[in-house]
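As C-alpha cells, the structure follows; a few thoughts come after it.
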Amino acid sequence: MKKTWYAYPYLVWMTIFIVVPLFLLLFYTFTATTEEGIRFTLQHIKRVCEPIYLMVLLRSILLALICTVVCLLIGYPVALILANKEYSQNKVLALLFVIPMWINFLVRTYAWMSLLGKNGLIDMVMDFLRLPPVQLLYTDHAVVLGMVYNFLPFMVLPIYSVLAKMDKSIIEAAEDLGADYITVLKRIIIPLSLPGVISGITMVFMPAVTTFIISRLLGGGQYILIGNLIEQQFIVVGDWNFGSAISFVLTVIILISMGIMRKYDREYEGGAIW
Amino acid sequence: MVEEPIIRLVNVSKNYDGTEALKDINLCIRKNEFLTLLGPSGCGKTTTLRIIAGFERPDSGAVFFEGKDITNLPPYKRKVNTVFQRYALFPHMNVAENIAFGLKIKKLDKKTIERKVAEVLELVNLKGFEKRSVDSLSGGQQQRVAIARALVNEPEVLLLDEPLGALDLKLRKSMQIELKRIQKMLGITFVYVTHDQEEALTMSDTIVVMKDGTIQQIGTPEMIYNEPKNAFVADFIGESNIIPGRMLKDNLVYFAGHEFECVDSGFERNEEVDVVIRPEDIKLVPVGEGMLQGEVESVTFKGVHYEMIVRSEGINWMIHSTLMEPVGSRIGLRILPHDIHIMKKAAVK
C-alpha cells in the first residue's frame, strides 16, 4: 500500500493526455480570439444550438440508439448461448465470435464496403438471382450495420461475464419451484443480468454516438454525424473553437446519460465488469 | 409390499465423463418417512437427489413417483421441492418475494399468497421478516427462508441437499430438531442428503448408506448402527475397530491370536472375514481377566468419555470408556460375544 509512487507514471500520463486536453477543450469552447486578445464568450455554444447542427446531433443519437437496441437484441441471446455450459463446451462458437475481433477495426469496416458496394458480393448474388440491384452502401442501414458489427462484442462481453458468474443453483431453484424456461428467463436471469446489460448499453452507446470512421466509410462523403462534424472542424475547417464547443456539448450529453445509467446500476448491485 | 412407495428408483445409473456416479441404484421411499442418503463425498448421494428433483436424467433406469414414470419429466412439472446446499435464494427479491415465487407461478390470488407466506414464516420462526432483503439475513435465517420457500408449495416430497452443512455446530443441532419437528407436523416425506453420520442417526426413519455410487445398506438408524452389513458401513457409522479374522465354525471366530465366541453363523468354514468391534464395547479389566492384554499408548479426553489407544497383539485398539487408564499401564481387554460383529470381506478393497 505504501508504494503509491508506482502509480506516478500513470498519474503523469493521465494528466498529459486526459486532464490537459479537457482543459484545452474548455478553454477553446468558451473563448474567442479577437484583435483585443482572448475573451470569454458563449457564441460557440450558441452556434451548436443552431437547427442544422442540432439535427446532426439528434441524428447521431438516434442512430446510436438504434445500434444499441439492435446490439442488445442480438447480443443478449449470444451471451446466453456462450454462457450456457452445454454450448460453450465446444469452443468453436466462442472462437467464431472472437476471431473477427482480432482483425483491425478499419480493415473490418473496409471489408463491409466491398461486401455492400457496387459489384460487391451481395450485388453479385442479387445479379445472379436476376434480382434488381439495391443500394446498400452509403445508407443509414449500412452505417447502423457497421456500428452493430463493430460494437456488438462490447454488448456481449459484459452480459456474458455476468451470466457466466451467475449461481446455477438459483436457476435450478426457480425451476424447482415450478418455473419453465421462459419464466426463469423473465423473473430470474434477466433481472440478475441487468448490471451487465447496463454496462453493455453504455459501452455500445458511447462509441456509437461519437463514431466518425464508420459513418464516413459506410455512409459516404456527404454523410455527417456528430463525430464527422467535430473531425471536420478540427482538420478541414480549422475552427478549433467551434469543434471544441461541439465536443463539449457531446461530452455533457454522454456524462448525463452515464449518470442515469450509474444510478440504475446501483439499484442492482452486481458484478458488471466496470 | 402393501403400500405403494411414493418414490421408486429402478436400476438407475449415471455417468459423468466416463466415471460412474451411480451404479444400478434401486430404492423405495415410503410416504411420510424421513429418509437420509448418507455417505462420504463423491458417493452419489447428491446425484441421486438431483435425479429425483429432475435436474439430472439417469443414463439408464427409471424414476417413479406414486407409480407414474417421471424419468423424463422436467423439474418444474414435478411435485417435489428442493432445499439447496447453499440456499440459492433469489438475491433480487426480499424474503416474502422469495417465498411467494412458487405461489405466483401457480397464479394464486394475492390474499392467499400473503396468508400462506405469513403461515410458513411462522412455521420456520421468522415472523415479521417479510420485507427483509435476503442479504441482511444470517446463514441460519437464510436456510429457514430456503426451507419456507420450498414448504410453502406443499410438496409431496421435500428434498434437502446438505442443508445444514454451512451452519455452526450449535445452530446445526437446533435446526436438526426443528426440521424433524416440521417434518412430523406437516407429515411430508423428507429425502435428506448428508455426510454427517450423527445427523443421519438423529433425524432419520430410514438411512441409506452409499459408497462409490452403490447402496451399501438400507435400514433404520438402530439397524445400521447395531448391525452394519459390512466394514465400510461400520466404519462410516460411528467409529469401529476393524480387524481381519477367520471364521472357524459357526459361533467361533479367530482373530488377534485368539479364538472368540460370537453370535454369527452362516459363514463357510475358515472363511476370511472382517471383525468389527465398537470402541465402547471393549471393556477394560485388570490384567489376566480379559482374553487380551495390552499397553495404553495414548489417552484423549473427548468430553463424555476418554478415547484410548491400546496396543495388543500387534493391533491398535480404539477404546471408549468413562474411566481413564494412564498411558503406559498394562490392562486387560474383554469383549463379549454379542459385541463381536462378523462381516463378509468386501470384494474389492
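Among A:Gln232, A:Phe27, A:Leu42, flag the residue with its Cα farthest along the positive direction of the charge dipole of chain A, charges on Cβ as +1 for Lys/Arg and -1 for Asp/Glu.
A:Phe27
With axes computed from alpha carbons, what is the tilt in degrees of helix B:139-151 against the longest principal axis of chain B, rounded to the nearest 10 within 0 to 90?
70 degrees
Roughly how many debye, to the nearest 20, is the charge dipole of the stretch B:7-231 about its Cα centre, given +1 on each Lys and Arg Cβ, -1 on each Asp and Glu Cβ, and no other charges?
Magnitude of the dipole: close to 840 debye.
I need the calculated FRET efficiency for the pair B:Asn270 and B:Glu297, taking r as the beta carbon distance and R₀ as 41 Å, to the nearest 0.05.
0.80
What is the angle, in °, between the Cα long axis of helix B:95-105 and the longest principal axis of the Cα atoms in chain B? Nearest 10 is fine, range 0 to 90.
Rounded to the nearest ten degrees, it is 70.
Place a +1 charge on the Cβ of each Lys and Arg in the protein assembly as shown and a -1 charge on the Cβ of each Asp and Glu, then give the dipole magnitude about the Cα centre in debye, rounded to the nearest 20.
2280 debye
Enumerate the lysines that B:Lys229 could reach by cross-link, defined here as Cα to Cα under 18 Å, with residues fewer than 8 away along the same chain left out.
Reachable lysines: B:Lys211, B:Lys344, B:Lys345, B:Lys349.
Considering only DSSP beta bridges where both residues belong to the stretch B:239-344, give the percentage that are antiparallel (nearest 5).
So the antiparallel bridges amount to about 100 percent of the total.
What are the DSSP H helices in chain A that stretch 18 Å or more along their long axis, judged by alpha-carbon atoms, and whose average Kyte-Doolittle hydropathy comes to at least -0.5?
A:51-83, A:140-165, A:190-210, A:240-267
Given the -39500 (n - 2.57) contribution per DSSP H run of 4+ residues, what per-residue ellipticity at 222 nm results for chain B, rounded to the nearest 500 deg cm²/dmol?
-7000 deg cm²/dmol
Nothing charged except the Cβ atoms of Lys and Arg (+1) and of Asp and Glu (-1): what's the magnitude of the dipole of chain A about its Cα centre? Round to the nearest 20 debye.
The dipole magnitude comes to about 360 debye.
Project the alpha carbons of the stretch B:7-231 onto their principal axes and report the range along each, largest first, in whole Å.
51, 39, 32
What FRET efficiency do you get for B:Val304 and B:Asn32 if R0 is 25 Å and r is their Cβ-Cβ distance, rounded to the nearest 0.05?
0.15
If r is the Cβ-Cβ distance from B:Asp24 to A:Lys3 and R0 is 41 Å, what FRET efficiency results, to the nearest 0.05?
E between B:Asp24 and A:Lys3, to the nearest 0.05, is 0.10.
Which of the three applies to the protein assembly as shown, rounded, prolate or oblate, going by the alpha-carbon gyration tensor with a ≥ b ≥ c and a/c under 1.5 meaning rounded?
prolate
Given the C-alpha centroids of the stretch A:142-219 and the stretch B:122-200, what is the distance between them in whole angstrom?
Their Cα centres are 36 Å away from one another.
Choose one of B:Val263, A:Ser247, B:Asn32: the residue whose Cα lies farthest towards the positive end of the charge dipole of the protein assembly as shown (beta-carbon charges +1 Lys, Arg; -1 Asp, Glu; about the Cα centre).
It is A:Ser247, whose Cα lies furthest towards the positive end.
Using helices alone, I'd like the mean residue ellipticity at 222 nm for chain A: each DSSP H run of four-plus residues gives -39500 (n - 2.57), total over residue count, nearest 500.
So the calculated ellipticity at 222 nm is -21500 deg cm²/dmol.
Let me know the shape class of chain A, please: from the alpha-carbon gyration tensor, a ≥ b ≥ c as square roots of the eigenvalues, rounded when a/c is under 1.5, otherwise prolate if a/b is greater than b/c, or oblate.
oblate
With label points built 7 Å along Cα→Cβ from the Cα atoms of A:Tyr181 and B:Ser329, find their separation and express it in nm.
Label at A:Tyr181, label at B:Ser329, 7.1 nm between them.
Which of the GluC sites (Glu not before Pro) found in the stretch A:7-88 are in a DSSP loop and have at most 12 neighbouring Cβ atoms, other than their own, within 10 Å?
Qualifying residues, ordered by number: A:Glu35, A:Glu36.
Would you compute, for the Cα atoms of the stretch B:58-165, the largest minus smallest coordinate along each principal axis and list the three values in descending order, in whole Å?
Extents along the principal axes: 45, 35, 23 Å.
Which of the three applies to the stretch B:99-251, rounded, prolate or oblate, going by the alpha-carbon gyration tensor with a ≥ b ≥ c and a/c under 1.5 meaning rounded?
Because a/c hits 1.5 or more and a/b exceeds b/c, the stretch B:99-251 counts as prolate.
Quick check on chain B: of the DSSP beta bridges with both residues there, what percent are antiparallel, nearest 5%?
75 percent
Return the long-range amide H neighbours of B:Ser329 (sequence gap of 5 or more, or a different chain), with a cut-off of under 5 Å between placed amide H atoms.
B:Val296
Using the basic label-point model (7 angstrom from Cα toward the beta carbon), what is the B:Ser13 to A:Trp102 distance in nanometres?
4.2 nm
Using only the alpha-carbon atoms of the stretch A:130-200, report the extent along each of the three principal axes, biggest first, to the nearest angstrom.
The Cα atoms of the stretch A:130-200 stretch 55, 29, 15 Å along the principal axes, largest first.
Any read-out appearing in this document is the output of simple, stated calculations on the displayed coordinates, not a laboratory observation. Please read these numbers as outputs of a predicted model, since none were measured by experiment. Every residue, glycine among them, receives a Cβ derived from its backbone with ideal geometry; neighbour counts consider all protein chains shown.
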